[in-house]
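J.: The structure is given below, and queries will be raised subsequently.
Every number in this text was worked out from the coordinates using simple rules, so none of it is lab data. As the structure is a computational prediction, the values presented were derived from the model and not from experiment. No Cβ is skipped: glycine too gets one built from the backbone with ideal geometry, and neighbour counts run over all protein chains shown.
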Amino acid sequence: MLSHNLNLKIFLEELVSFFLIGVLSIFSVAKIYEFGEISSKAISWWQFLLAFGVGTAVILGLIRIMHGGLFLRIFFLLALFSGTLITLGIFLNNTWSLIFSLLLIAFYSFYPYVWFHNLILILTLPGIAAVLGASITPYAAVILLIFMSVYDYIAVYKTKHMVKMAKAMIAGRAIFAMIYPEHWHGFKAHINKAHPGEGFMMLGTGDFVFPIIMATSAFSMSVMAAWIVLIISLLGLLLMHLIFSLQKVRRPMPALPPLAAFAILGFIISIIFKF
């Protein structure tokens, strides 16, 4: 009974996807530093927060004005294309990365099933995390994670606009989240059939990107520091899963705080032990 309540199968799915995205992100940032394509401190944490705030306000405004639908779907596909292009562009030349990105997004447009949705996000998120991590210092990343964790808590429990935005995006088939089915056959389901609490669990893309930004940013200190942050972050993933699974009444929760806390802890450990 306890194992059923804890949804260990879903935790395994979370663990594998988080680790894959983290590993690809670290290899991506290694390539970035190898070719010297980005200089550290290119952006500050407050510039990122400002851009994030403006972007969120614009999306919320357009959702209210246009009632989601086609706008959200187009925005989502463009975001997937941009992220995939960044990730593939780190490892391939511009022509091939463009061709593969277009093919993947075109295929996803006609084949939006859960397993392929997750695969696209696994390809999309590492490039974003690597570029952002290489653009800020590790200490700026710590500040960023603290601010975003507070924002996540307020957005879910206080203003609740994060929950409203998530519902609108799910309705508009613009799911900025990994989808985890309770049963393996759920991976073959159309994303229209994937609803939280109805045989599926979702974890937002930000809950992956921000802790991994801490890891890719720590790469500027040492390769080992990046891996330590990623590995310790997995404990935050476990804590997040336990908190969610052991709720008496299942409801949306801010997943970022425990993930961010352990990512920061991993960074502190890497400093103390000089990894």
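J.: Say the cut-off is 27 Å between C-alpha atoms; which of Lys9/Lys188; Lys9/Lys31; Lys9/Lys248; Lys188/Lys248 go over it? Don't skip to the answer; put the middle values down first.
T.: On the way: Lys9/Lys188 16 Å; Lys9/Lys31 33 Å; Lys9/Lys248 19 Å; Lys188/Lys248 30 Å.
The answer is Lys9/Lys31; Lys188/Lys248.
J.: Helix-derived [θ] at 222 nm for the chain: sum -39500 (n - 2.57) over DSSP H runs of at least 4, divide by residue count, nearest 500?
T.: Values: 11 runs with 197 residues, N = 275.
Theoretical 222 nm ellipticity from helices: -24000 deg cm²/dmol.
J.: Between Thr205, Thr124, Thr87, find the one with the highest GNM mean-square fluctuation for the chain; connect C-alpha pairs within less than 10 Å.
T.: Per the Cα network of the chain with a 10 Å cutoff, Thr205 tops the list.
J.: Then there's this: From the C-alpha coordinates alone, can you work out the Kirkwood hydrodynamic radius of the chain, in Å? Mind dumping the intermediate values first?
T.: On the way: mean 1/r = 0.0526 Å⁻¹.
One over the average 1/r among Cα pairs gives 19.0 Å for the chain.
J.: Let me ask something additional. Could you give the length gained by full extension between Tyr157 and Phe19, i.e. 0.36 nm per residue of separation minus their alpha carbon distance, to one decimal place? Please list the in-between numbers first.
T.: Details: separation 138, 0.36 × 138 = 49.68 nm, distance 2.79 nm.
The span from Tyr157 to Phe19 would gain 46.9 nm if fully extended.
J.: Could you give the size of the charge dipole of the chain about its Cα centre, using +1 on the Cβ of each K and R and -1 on the Cβ of each D and E, expressed in debye and rounded to the nearest 20? It would help to have the intermediate numbers written out before the result.
T.: Details: 16 positive and 8 negative charges, 142 e Å.
Result for the chain is approximately 680 debye, rounded to the nearest 20.
J.: Treating the beta-carbon of each Lys and Arg as +1 and of each Asp and Glu as -1, no other charges, what is the dipole magnitude of segment 141-220 about its Cα centre, to the nearest 20 debye?
T.: Numbers: 7 positive and 4 negative charges, 62 e Å.
That gives a dipole near 300 debye.
J.: Within a Cβ distance under 14 Å of Phe110, other residues only, what is the Lys/Arg minus Asp/Glu net charge? Provide the component values of the computation, followed by the final result.
T.: Working: positive: Arg73, Arg173; negative: none.
Every neighbour counted, the sum reads +2.
J.: Separate question: If amide H atoms are built 1.01 Å from N in the plane of the peptide, which residues on other chains or at least 5 residues away come under 5 Å of the amide H of Gly172?
T.: Gly69
J.: When the chain is modelled as a GNM with alpha-carbon springs shorter than 10 Å, which of Ser233, Ser101, Ser222 fluctuates the most?
T.: Of the options given, Ser222 has the highest mean-square fluctuation.
J.: A follow-up question, please. Based on the alpha-carbon gyration tensor of segment 99-165, what equivalent-ellipsoid semi-axes (square roots of 5 times the eigenvalues) come out, in whole Å, largest first? Each step should come with its number before you reach the end.
T.: Values: eigenvalues 172, 84, 11 Å².
Largest first, segment 99-165 gives 29, 21, 8 Å.
J.: May I ask you to list the lysines whose Cα is less than 19 Å away from that of Lys167, ignoring any residue fewer than eight positions away on the same chain?
T.: Lys158, Lys193
J.: Taking the chain as a Gaussian network, Cα atoms linked when under 10 Å apart, which of Gly89, Gly197, Gly186 shows the biggest mean-square fluctuation?
T.: Comparing Gly89, Gly197, Gly186 in the GNM, the peak value goes to Gly197.
J.: Just report the Cα centroid separation between segment 66-110 and segment 151-172, whole Å.
T.: 24
J.: Considering just Cα atoms, how many Å³ per residue does the convex hull of segment 228-275 enclose?
T.: Details: hull volume 2.4 nm³, N = 48.
Cα convex hull per residue, to the nearest whole number: 51 Å³.
J.: Please return the longest range in the chain lying between exposed loop sites, taking GluC sites (Glu not before Pro), DSSP loop only, at most 15 other beta-carbon atoms within 10 Å, and leaving the sites out.
T.: Working: sites that count: Glu37, Glu182, Glu198.
In short, 38-181.
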